[in-house]
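Just so it is clear, none of the values below were taken in a lab; they were calculated from the coordinates. This one's a predicted model, so the numbers in the text were calculated from it and none came from an experiment. Ideal geometry is used to build each Cβ from the backbone, glycine not excepted, and the neighbour counts take in all protein chains shown.
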Amino acid sequence: MNGEIPMEKTILVLASGRGTDFQAIVDHQKLGIFTGVGIGALVCNHESAPVIQRAREAGIKSTIVAGTSGNTFANQVEKEDARQHFDQEVLRIARELSASLIVLAGFDQILGRKLVDSYTFKILNIHPAYDLHRFGGKGMVGIRVHEAVLGSGATFSGCAVHFVTNDIDLGPVILKKKISIDSRETPESLEKRILDLEHLAYPEAIQLVLDDRVRLDASGKSCYVDRYSKNWDVEWDSRQRKYVDLIEGKLPV
């Protein structure tokens, strides 16, 4: 990049639970693996979620915005009002941050059309399966995904980072990573192995998008990803080795 320092682009993270994907993103920032990427804030829809403490420890502003997940409503109108309120708050925060991307990191709520349409192809999600058509969609979350994969007799699985559209888990795929499955695999062991894979894949996809290396085709249904020109892949893999060393205990926490 001829010695130029890239202008930092801000991401807004939405998370609901433990926050391990969020932590991996934070660690990539802390270790200087990201270039020109900053975490602006966290939005969480559950006030007791452990991810909030992770944000505090990292010095990242967090906001709790109640949505639809985990709440009961008298009727569908009331539920939709709650969804719209959530969308409006997230949009307000994203605009205040001038966020380049909204990143869903273990987020358990379906986004409303207004939010998705306001940030068209600027919202990312990661799904814990390689084949989104077979093992994605409404209700395919958490351990259910891995149970379905193993029940199908598949010999491999993985994770996929994709743009969020109004078709659940069917937005254009940016990046996939794959692992093999052996006969002793359980849903729990597969979940753990794929989670480790997610922690490598998600930061990479974020950097690719913000480096303008992801192009949508004319249909808006698939992507062309340039990972290799100008040694992007070599430089990324070299920087990400710091994170691998951290999780393998070769670097101090």
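Where nothing but the Cβ of Lys and Arg (+1) and of Asp and Glu (-1) is charged, how large is the charge dipole of the stretch 109-253 around its Cα centre, in debye to the nearest 20?
Numbers: 21 positive and 21 negative charges, 44 e Å.
Its charge dipole is roughly 220 debye.
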Mean separation of Cα pairs under 8 Å and 6+ residues apart, divided by the residue count of the stretch 154-219: what relative contact order is that in percent? 32
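For the stretch 1-67, with only Lys/Arg (+1) and Asp/Glu (-1) charged at the beta-carbon, what is the dipole magnitude about the Cα centre, in debye rounded to 20?
Working: 6 positive and 6 negative charges, 28 e Å.
Here the size comes out at about 140 debye.
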Determine the percent antiparallel among the DSSP beta bridges restricted to the chain, to the nearest 5. 45
With R₀ set to 25 angstrom, the calculated FRET efficiency between the beta-carbons of Ala66 and Arg113, to the nearest 0.05, is 0.85
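So, with +1 on the Cβ of K and R and -1 on the Cβ of D and E, and no other charges, what is the size of the charge dipole of the chain about its Cα centre, to the nearest 20 debye? Write out the running numbers ahead of the final one.
Working: 31 positive and 34 negative charges, 26 e Å.
The calculation lands at about 120 debye.
Just need the relative contact order of the chain here, percent rounded to a whole number, with Cα pairs under 8 Å and 6+ apart.
Details: 415 pairs, mean separation 44.7, N = 253.
It comes to 18 percent, rounded to a whole number.
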Over the chain - Rg/Rh using Cα atoms and the Kirkwood inverse-distance radius: 0.95
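Kindly state, to the nearest 0.05, the FRET efficiency for Met7 paired with Arg241, given R0 = 25 Å and r defined as their beta-carbon distance. Intermediate values should be presented prior to the final figure.
Values: r = 25 Å, r/R0 = 1.02.
The value I calculate is 0.45.
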Label-to-label distance, nm, for residues given as Ser219 and Ile179 (7 Å Cα→Cβ offset): 3.2
Long pairs among Lys221/Lys250; Lys114/Lys178; Lys9/Lys177, criterion Cα-Cα beyond 30 Å: Lys221/Lys250; Lys114/Lys178
